[in-house]
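Below is one structure, written out as structure tokens; the observations come after it.
The values are calculated or read from the model by the stated rules, or taken from the named source; none is laboratory data. Just so it is clear, the structure is predicted and the values come from calculations on it, not from any experiment. Every residue, glycine among them, receives a Cβ derived from its backbone with ideal geometry; neighbour counts consider all protein chains shown.
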Amino acid sequence: MIASVVRVPWHTAHSGYDRLLDHLPEVRRITPPTGALTAKAARRARRLLARHCPLPFYPAEHFATDVRLLASRQPAHVLYGDEQYWFSRRRLGPTVVTYHQPPARLRHRLPPTGWRKLAQSADHIVVLDPHQQAFFTDLMPADRVHLVPHGIDTTAFRPAGEPATSRPLVLTVGWWLRDWEVLDAVHERLHRRHRDSIELIVVTRQAHTRPWHPAAHVLEGITEQTLTALYRRAAVLLLPLLDATANNALLEAMACGTPVVATDVGGIPHYAGQSRAAWLTPPGDAAAAAEAVETILTETGTAAHTVRRAAARERAELFAWPVVAGQMRGVYRLLQEGR
């Protein structure tokens with residue numbers, strides 16, 4: 001079994017979907033070429049062929065792994081089908097492909113006829129939430145579409161004591177599909193009420209691309225140790241979203257025992273569950289998000305907050321990578337049997 005891997009940038013080395021392969025040692029990785037000459041050749045070939053690929057994000061690294069998959073007949077897993085699976089759809093070996101983007105974004109990338117052809121070229125498709133599952137079962141037989149969740153490293157991300165109560169931290173992490181307007185509105189409401197008695201921190205890759213609320217401390221390029229310490233110290237993770245399937249920040253915060261206030265969109269309910277680990281608010285509703293954060297802040301240092309923290313950790317453990325890897329092996333067995 002081989003897997004096509006291009007490292008998708010995230011905040012820490014223990015984040016991201018490709019961490020799945022750390023728990024599947026039997027799978028050999030196909031990675032982009034590292035030599036200067038082979039990398040240059042890949043970039044040139046990509047420039048010639050990219051016009052034949054409708055995927056909007058298809059850099060040379062993805063092209064290089066795609067071509068290597070095309071040349072192999074071994075069973076293969078494409079970890080980021082949204083970005084790595086186009087030319088290799090014509091490969092002769094059996095293939096399983098994981099997709100990460102919400103259905104609405106997938107529809108923008110290809111028309112329905114294009115998705116039907118692309119989806120059916122894979123032997124099996126792995127999705128991360130029930131909405132994606134419904135999208136792909138409209139395109140191909142349901143027994144070839146498998147819901148295997150995103151995982152979390154529950155060893156790297158784990159609780160460490162109770163958060164400080166003297167100046168509670170409201171933390172926001174990430175950049176993709178974030179609802180910045182809601183975030184700004186919640187920050188304004190919290191700052192008006194609490195001023196400097198609470199701390200507002202945003203960890204993102206877009207620190208210099210937009211104006212932030214003046215009370216928010218915006219961080220970029222921090223170490224894994226710093227991010228983990230922020231999760232552990234936070235009273236609550238505030239996660240306003242436009243859409244989502246899985247979400248690294250949600251899982252990482254819960255694994256650190258941090259309660260979450262997140263938008264009720266896409267796959268978020270699938271990962272948050274019905275426990276006290278997360279409080280889900282309607283899309284675009286800044287007032288509801290602020291009220292939820294306020295409630296959790298008032299619980300900081302009490303038994304109620306301890307219950308939330310325990311529920312968050314318990315929920316995250318359901319998505320520990322060894323558990324997810326076991327589910328993925330079931331898909332691989334189907335792939336091998338189909339061969």
Would you mind finding the one in T172, T113, T165, T155 that is crowded, with 22+ Cβ neighbours inside 10 Å and polar (S, T, N, Q)? T172
Scanning segment 121-168 residue by residue, the ones that are among the acidic types (D, E), within 22 Å of R329 (Cβ to Cβ) and more than 24 Å from the chain's Cα centre (by Cα) total 1
For segment 306-321, indicate whether the set of residues that are buried (at least 20 other Cβ atoms within 10 Å of the Cβ) and over 19 Å from the mean Cα position of the chain (by Cα) is non-empty. yes
In segment 242-280, residues that are over 12 Å from R315 (Cβ atoms), touching a helix residue (DSSP H, G or I) at 6+ places or on another chain (Cβ under 7 Å), part of a strand (DSSP E or B) and in contact (Cβ under 8 Å) with a residue 40 or more places away in the chain total 0
Are any of the residues in segment 150-158 of a type in the set (S, T, N, Q), at pLDDT below 95 and part of a loop (DSSP other than H, G, I, E, B)? no
Scanning for something closer than 20 Å to W10 by Cβ and in contact with a Ser or Thr (Cβ under 8 Å, 6 or more places away or on another chain), does segment 160-170 turn up at least one residue? no
Considering segment 221-246 alone, what residues qualify as being closer than 14 Å to A278 by Cβ and within 14 Å of the chain's Cα centre (by Cα)? L239, L241, A244, A246
Counting only residues in segment 92-120 that are among the charged types (D, E, K, R) and within 20 Å of G267 (Cα to Cα), the one nearest to the chain's Cα centre (by Cα) is identified as R105
Conditions first: (1) in contact (Cβ under 8 Å) with a residue 40 or more places away in the chain; (2) over 24 Å from the mean Cα position of the chain (by Cα). H213 passes all but one, so which condition is the exception? (1)
Helices (runs of 4 or more DSSP H) contained in segment 60-124 and holding at least 2 residues closer than 11 Å to S4 by Cβ: 60-70, 81-84
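Considering V331, V265, which residue is touching a His at 6+ places or on another chain (Cβ under 8 Å), farther than 20 Å from L200 by Cα and at pLDDT 95 or above? Walk me through how you get there before you give the answer.
Details: V265 fails: touching a His at 6+ places or on another chain (Cβ under 8 Å).
When all the criteria are applied, what remains is V331.
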Scanning segment 189-234 for residues that are of a type in the set (D, E, K, R) and in contact with a His (Cβ under 9 Å, 6 or more places away or on another chain) gives E199, R205, E220, E224
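Is there a residue in segment 260-281 that is over 25 Å from Q132 (Cβ atoms) and buried (at least 22 other Cβ atoms within 10 Å of the Cβ)?
Taking segment 260-281 first, the residues over 25 Å from Q132 (Cβ atoms) are 276.
Next, from what is left, pick out any that are buried (at least 22 other Cβ atoms within 10 Å of the Cβ): none.
No, the conditions are met nowhere in segment 260-281.
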Would you be able to say whether some residue in segment 100-114 is in contact (Cβ under 8 Å) with a residue 24 or more places away in the chain and among the β-branched types (V, I, T)? no
Looking only at segment 204-255, which residues are small (G, A, S) and surrounded by 15 or more Cβ atoms within 10 Å (Cβ to Cβ)? A215, A216, A234, A235, A244, A246, A249, A253, A255
